[in-house]
Amino acid sequence: IEDFEVVAAECGELVAGVAPVVSTRTQVVHGNRNWIPTYLYGTTPGYVDVREWGDLDEGQMFTDADVRRGAQVCVIGRTLATALFDDRSPLGGIVRLNQQPFKVIGVLASKGANMMGTDQDDILLAPWTSIKYRVAGRSVPTVIATDPSTAAKMNTLSQRYPSLGPLLYPTPSPAQLVNNPRVDRI
């Protein structure tokens, strides 16, 4: 996110578009159906322009205001729409991501498979603030970053590299070492 903010602020007209991506993997649930999409991205509205997605088939893209307030709205691809909603329009439907409800406000135009054969329509896009802080499990800051100085205060090394917690393999006691000698080979 910091890179996105710097590129957007300092490159200006040198880049055609810029959009951050916060990626996670979780089930998307609607009613008694669930699906794990190939792509589940938190981003900004500019993502569809950067990826040359074109117009949406239905509804609308979320806004920068939705990103700033961490709105629980999303736009889904045609594969995900079919998997969860069959032939019904998903607009206004509620899907759950990691127990968090998100309102479907748009359906992306179909892109088909990429050159590697991966279905590009198996996607869910939501504001990056919602994915990062509500779905991916990062702690929610008291203020959502709106400028680089706030982002610098929010992102500390302790958030990026959390403590490891208890050791996976505890240190053996002296009695265990005597009973199970370790063979060191040179």
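General remarks:
- For the peptides 103-109, 88-94, residues were scored by their other Cβ atoms within 10 Å and the scores averaged per peptide; the highest-first order is 103-109, 88-94.
- Surface composition of the stretch 15-90: carbon and sulfur make up 43 percent of the accessible area, probe 1.4 Å.
- Whole-percent pair-distance distribution, where bins are 10 Å wide, for the alpha carbons of the stretch 1-142: 12, 44, 34, 9, 1
- Residues whose amide H comes within less than 5 Å of that of GLU58, counting only those at least five positions distant or on another chain, are VAL107 (H built at 1.01 Å from N in the peptide plane).
- What the phi angles of the stretch 30-42 give under the Karplus curve with 6.51, -1.76 and 1.60, with θ = phi - 60°, is a coupling list of 9, x, 9, 10, 9, 7, 10, x, 4, 10, 10, 10, x Hz, glycine and proline written as x.
- Trypsin sites (Lys or Arg not before Pro) within the stretch 19-68: DSSP coil, no more than 13 neighbouring Cβ in 10 Å: ARG25
- Scalar couplings 3J(HN,Hα) for the stretch 11-19, obtained by applying the Karplus form with A = 6.51, B = -1.76, C = 1.60 to θ = phi - 60°, are 8, x, 7, 6, 10, 6, x, 8, 8 Hz; x denotes Gly and Pro.
- Of the GluC sites (Glu not before Pro) in the stretch 1-60, those whose Cβ has at most 11 other Cβ within 10 Å and which sit in DSSP loop: GLU52
- Rg/Rh, computed from the Cα trace of the stretch 27-111 with Rh as the Kirkwood radius, has the value 0.93.
- Neighbourhood net charge (12 Å Cβ-Cβ; Lys/Arg +1, Asp/Glu -1) for PHE85: 0
- Computed E for MET116/VAL7 - FRET, C-beta separation, R0 30 angstrom, nearest 0.05: 0.70
- Remark: the stretch 31-77 is approximated by an ellipsoid whose semi-axes, taken from the C-alpha gyration tensor as √(5λ), come to 19, 15, 11 Å, largest first.
The values are calculated or read from the model by the stated rules, or taken from the named source; none is laboratory data. Quick caveat: nothing in here was measured; it's all calculated off a predicted structure. All Cβ positions, even for glycine, are placed from backbone atoms using ideal geometry, and neighbour counts span all protein chains on display. Remember, those area values only see protein heavy atoms, side chains included, never the ligands or the DNA or RNA. Shrake-Rupley method; radii C 1.70, N 1.55, O 1.52, S 1.80 Å.
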